[in-house]
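Let me begin by presenting the structure, written as structure tokens, before commenting on it.
Readers should treat all values here as calculations from the given coordinates under stated rules, not as data from a laboratory. Here the structure is a predicted model, which is why all the values come from computation and not from measurement. Note: ideal-geometry Cβ built from the backbone for every residue, glycine included; neighbour counts use all protein chains shown.
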Amino acid sequence: MKTINVLIVVDALGALAAQDLMNNVYLIDTNKYLGSWQEGTVKLHTVCQDGQLIAWRAAPVSPSNDVSIAGFSGQMVTSRICVPTKRGDAGDSYWEGRIETKGGYGQYLYTVELSIDGRVLSLSPYVKVV
């Protein structure tokens with residue numbers, strides 16, 4: 001089973017000015033066309049299978065801003081469906097977690113906290129286990 005990579009692209013200037021990520025974040029994953037839906041929005045639904053790895057990275061639109069993932073919470077984490085942990089090093093860090101539904105199916109909301117130039121804002125996409 002392939003690892004699904006999720007990229008969180010942040011318009012840091014817009015997010016900091018609005019103090020909101022809703023119209024300032026763009027999520028995409030490697031499931032391609034018809035694999036996931038709501039790509040390019042804050043409400044990405046990443047379709048995955050039990051046992052599959054998902055890796056998340058964050059990047060700013062402007063290289064002059066500092067954007068990183070600060071942590072995960074929400075239904076996906078509290079239900080232990082997927083508990084991402086930080087990997088990599090300071091130059092290339094990402095978060096990775098394995099989907100563990102024990103054969104179950106469903107849609108799970110999760111929250112990603114992003115550190116943007118030292119301020120923390122959050123967004124809530126979904127994983128859908130099929």
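Structure summary
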quantity: Chymotrypsin sites (Phe, Trp or Tyr not before Pro) restricted to the stretch 46-130 and DSSP loop, no more than 16 other C-beta within 10 Å; calculated: Tyr105
quantity: For Asn5, residues with placed amide H under 5 Å, excluding near neighbours; calculated: Thr30, Ala55
quantity: Fewest-first ranking of Glu113, Glu39, using other Cβ atoms within 10 Å as the exposure measure; calculated: Glu113, Glu39
quantity: Phi to ³J(HN,Hα) by Karplus 6.51 cos²θ - 1.76 cosθ + 1.60 over the stretch 54-62, Hz, x for Gly, Pro; calculated: 10, 10, 10, 10, 10, 8, x, 5, 9
quantity: Charge dipole magnitude, Cβ of K and R +1, D and E -1 - the stretch 4-129, Cα centre, debye nearest 20; calculated: 400 debye
quantity: Over the chain: helical MRE at 222 nm, DSSP H runs n ≥ 4 each giving -39500 (n - 2.57), nearest 500; calculated: -2000 deg cm²/dmol
quantity: For Gln52, distant residues with modelled amide H under 5 Å away; calculated: Ile99
quantity: Neighbour-count order for Leu16, Leu123, Leu34, fewest beta carbons within 10 angstrom listed first; calculated: Leu34, Leu16, Leu123
quantity: Alpha-carbon gyration tensor eigenvalues x 5, square-rooted, for the stretch 4-53, Å; calculated: 25, 10, 8
quantity: Inverse mean reciprocal Cα-Cα distance (Kirkwood Rh) of the chain, Å; calculated: 14.7 Å
quantity: Likely footprinting exposure, Met22, Met76, fewest C-beta neighbours within 10 Å first; calculated: Met22, Met76
